[in-house]
Number of protein chains: 2
Amino acid sequence: MRIAQVAPLYESVPPRLYGGTERVVSWLTDELVRRGHEVTLFASGDSRTHARLVSAWPRALRLDPAQPDPFALHTLELAQIFSRADDFDVVHCHVDYLAFPYGRLVATPVVHTLHGRLDLRPLIHVLTELRDVPLVSISDSQREPLAGLDLNWVATVHHGLPVAEVPAVTEAGRGGYLVFLGRMSAEKRPDLAIAVAKRVGLPLIMAAKVDRPDRDYFEREIRPQLGHPLIEYIGEVSDAEKWRLLGDALALLFPIDWPEPFGLAMIEALACGTPVVARPGGAVPEIIRDGEVGFLADTVDELVAAVKRVDLIDRARCRRWAEERFSVGVMADRYEAVYRKKAGQSGPAFPRSFR
Amino acid sequence: MRIAQVAPLYESVPPRLYGGTERVVSWLTDELVRRGHEVTLFASGDSRTHARLVSAWPRALRLDPAQPDPFALHTLELAQIFSRADDFDVVHCHVDYLAFPYGRLVATPVVHTLHGRLDLRPLIHVLTELRDVPLVSISDSQREPLAGLDLNWVATVHHGLPVAEVPAVTEAGRGGYLVFLGRMSAEKRPDLAIAVAKRVGLPLIMAAKVDRPDRDYFEREIRPQLGHPLIEYIGEVSDAEKWRLLGDALALLFPIDWPEPFGLAMIEALACGTPVVARPGGAVPEIIRDGEVGFLADTVDELVAAVKRVDLIDRARCRRWAEERFSVGVMADRYEAVYRKKAGQSGPAFPRSFR
């Protein structure tokens, strides 16, 4: 098929450091190319891909010192893709609401994977008004705030990663430490991760970015705790660093306190053979089976108890769990089914101008 | 004609207090209705209009305490208008770059009035990439940063207001004070207005909003000067208050220090019969003829000298100047010509999907 992948411009595809959505788009795009599809990737100009690359801007926006207006550049990206929509059999958008209006205006089927939390107004208002827009959720739990709205859900497709390319470490956590990975924001509860590590007496390595809106929180709540001998903060890491960091860890701590739409760090850990100790919010129970590839626990006491039992988890089982359920192959199979379904339909209503 | 007017959602149409773009859209829309056109206004739900109103959100966003995401709601607004574009003979957008991609995707002609400054990257990048988008500038000077880019300029249309509805005060400035009107931001130079008023020994009434990004500037540079007995700050004003305030003033001080794209306050003052003392940046020389309806002056010394001579200006002449050049009738004539030109053309290229 001729497939357009429309990525956000905030990070390159794949991201150089942190970046969930663009990382998943990268994995999916390269897998679709490998399967023989003709894929065009709309993404920042510093992206690396096996697809044809079309770029509205030369650099990823988050790390661009010029801080250009992201909405102007995403508007340009959408103009670039939709003014040539008939070059494609399907257009797959990952830019959330910004692309919603376009599917009504072109003959090519358009499908949108929603990557963020969906419990926020006015997004709910927008979705309710545009309930014909074909949507893919990244977990079943992500949809919950929208239950009863009669939206046009096409599928849930869990994220998947190229497990075969991840070096598996199936000996038990050679590094003897715990890991916190992702964003330093209140809803990710880095403070809880620190509390658990201190209580259990194990080193904690924190590899995370600090976004502008999270700086106050980080300086006030987290920075003062970084002096503790067990706690090490290393900022953002590259993919290669991340696989080593996760692979040598006893467990990933994922003590979130929000409706996590997916939680990429969990499947990255599992692919390395590393169990996950998580609080059961959002999509977490869809990804972690308690007692099998990690533990679900709520309070600090329960989290501490879970970490103490983490050597009961079979690391090879974690790796297999990722291969069977969260590999890029499984994800691409599901998206191919979505594309076939959309492209096989009689197509969206032509814009009324052309009837 | 069947005309769609697409307004920003930041302020109601017309705005309750400050708000340039939405005020102009209001004047234009009601005049087009008066002339017998079938006009649909896309704007916030608290707008008041003689046109048919379609609203993506019930309240103007700037004063909505919920602070909803403006880009999500403008996206919804654009979906609302463009999914029914064939209901209109022309679509007239006032939302800057956000609407640029849509004209290529519908058969109805779309024209965009640009209301802001155009010397900013990445807007220049976006315009360069989308140079087929039909554009209207609000002054000739507004286009200057884009000279040589071969964009699709359709016209310059100066703003106009319903002069007949403005109470004219053609006696010389009964209130005996100067006025500063608009935004408290560095580029508007409220500090210069204060310096001039103090030097010339006349009261200065400052009617202006303080935007979030301008708060630091206001607190640091302006607030400490408000204790002076000649300087009075009254915040934002309604239309009725504004006409009285301007009408009774000796002159409007407009000592700007940026490429002002138009400068609505100047024509509001002229409509009241009040001369304008302005620094000659941006569109100012297109609006104020030096020595005839006010003075152009640069330094504080020159501005002070100009204020001292302001009783030489014929206030009835100022009012006539506004009537002849900056009335809503003149503006509507010009936009009608733009609409006829666009609607009379063979139409934009059909999207390639439909060839």
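The values are calculated or read from the model by the stated rules, or taken from the named source; none is laboratory data. Computed from a predicted structure; not experimentally measured. Here Cβ is always computed from backbone atoms with ideal geometry, including for glycine, and neighbour counts include all displayed protein chains. Surface accessibility is based on the protein's heavy atoms, side chains included, excluding ligands, DNA and RNA. Shrake-Rupley method; radii C 1.70, N 1.55, O 1.52, S 1.80 Å.
Comparing B:G175, B:G344, B:G273 in a Gaussian network model of chain B, where Cα atoms under 10 Å apart are tied by springs, the biggest mean-square fluctuation is seen for B:G344.
Measuring between alpha carbons in the structure, the pairs from B:K209/B:K308; A:K198/A:K242; B:K198/B:K242; B:K188/B:K341 lying more than 32 angstrom apart are B:K188/B:K341. Inter-copy label distances at B:P285, using a point 7 Å along Cα-to-Cβ, come to 7.2 nm with the shortest given first.
Only the Cβ atoms of Lys and Arg (+1) and of Asp and Glu (-1) were treated as charged; on that basis the dipole of the range B:98-203 about its Cα centre amounts to roughly 380 debye. If only the Cβ of Lys and Arg carry +1 and only the Cβ of Asp and Glu carry -1, the dipole of the range B:12-117 around its Cα centre is close to 240 debye.
The mean accessible area for residues of the protein assembly as shown, using a 1.4 Å probe and ignoring ligands and nucleic acids, is 38 Å² per residue.
Summed over both chains, the area buried between B and A is near 3200 Å², taken from the accessible surface of protein heavy atoms with a 1.4 Å probe. Shielding of peptide A:120-130 by partners, expressed as the average count of other chain Cβ atoms within 10 Å per residue Cβ, is 5. Label-to-label distances for A:L149 across copies, nearest first, come out at 3.6 nm, using points 7 Å from Cα in the beta-carbon direction. Both radii are taken from the alpha-carbon atoms of the range B:141-206; with Rh as the Kirkwood radius, Rg/Rh is 1.13. Considering only chain A, the C-beta nearest to the rotation axis that sends A to B is found at A:L105, 2, the distance in whole Å. Show which aspartates and glutamates lie in cross-link reach of B:K342 when reach means a straight Cα distance below 18 angstrom and same-chain residues fewer than eight apart are skipped. Cα-Cα hits under 18 Å: B:E38, B:D86, B:D87, B:D89, B:D132, B:D333. Under 1.5 on a/c is rounded, so check that first for the range A:224-313, then, if it is not, pick prolate when a/b is larger than b/c and oblate when it is not; a ≥ b ≥ c are the square roots of the alpha carbon gyration tensor eigenvalues. Rounded is the answer for the range A:224-313, as its axis ratio a/c remains below 1.5. When chain B is treated as a GNM with alpha-carbon contacts under 10 Å, the residue of B:D64, B:D191, B:D311 showing the greatest mean-square fluctuation is B:D64. Distances between copies of A:P229, taken at a point 7 Å out from Cα along the Cα→Cβ vector and listed shortest first: 7.1 nm.
When the trypsin sites (Lys or Arg not before Pro) in the range A:54-133 are filtered for DSSP coil states and for at most 13 other beta-carbon atoms within 10 Å of their beta-carbon, the remaining sites are A:R131. Taking the Cα centre of the range A:193-345 as reference, the dipole from Cβ charges on Lys and Arg (+1) and Asp and Glu (-1) amounts to some 260 debye. Give the distance, in whole Å, between the Cα centre of the range A:75-150 and the Cα centre of the range A:278-324. Taking the Cα centre of the range A:278-324 as reference, the centre of the range A:75-150 is 32 Å away. When you restrict to C-alpha pairs under 8 Å that are six or more residues apart and normalise by the size of chain B, the relative contact order lands at 17 percent.
Subtracting the Cα-Cα distance of B:A147 and B:R320 from 0.36 nm times their residue separation leaves 59.0 nm of extension gain. With R₀ fixed at 35 Å, the C-beta to C-beta distance from B:R199 to B:E219 puts the FRET efficiency at about 0.90.
If you run the Gaussian network model on chain B, springs between alpha carbon atoms under 10 Å, then out of B:L178, B:L192, B:L98 the most flexible one is B:L98. Say a paramagnetic label sat at a point 7 Å from the Cα of A:L230, along Cα to Cβ; which residues of the range A:284-302 have their backbone N under 20 Å from it? Of the residues in the range A:284-302, A:295-302 have backbone N under 20 Å from the label point off A:L230. For the residues A:T75, B:T128, a 1.4 Å probe over the protein chains yields an accessible-area ranking, largest first, of B:T128, A:T75. Positive-end ranking of A:H158, A:G182, A:F100 along the dipole of the range A:87-238, with charges on Cβ about the Cα centre, is headed by A:G182. Here's the picture: charge each Lys and Arg Cβ at +1 and each Asp and Glu Cβ at -1 in the protein assembly as shown, and of A:A60, A:F295, B:Y18 the one pushed furthest to the positive end of that dipole is A:A60. The modelled label-to-label distance for the pair A:T128/A:D69, using points 7 Å beyond Cα in the direction of Cβ, is 3.0 nm.
The residue list B:Y233, B:A278, B:V330 was ranked by how far each Cα lies along the charge dipole of the range B:204-355 toward its positive end, using unit charges on Cβ atoms, and B:V330 comes out on top. Could you tell me which of rounded, prolate or oblate describes chain B, using a ≥ b ≥ c as the square roots of the eigenvalues of the alpha-carbon gyration tensor, with rounded for a/c under 1.5 and, failing that, prolate when a/b is larger than b/c and oblate otherwise? It is prolate, given that a/c is not under 1.5 and a/b is the larger ratio.
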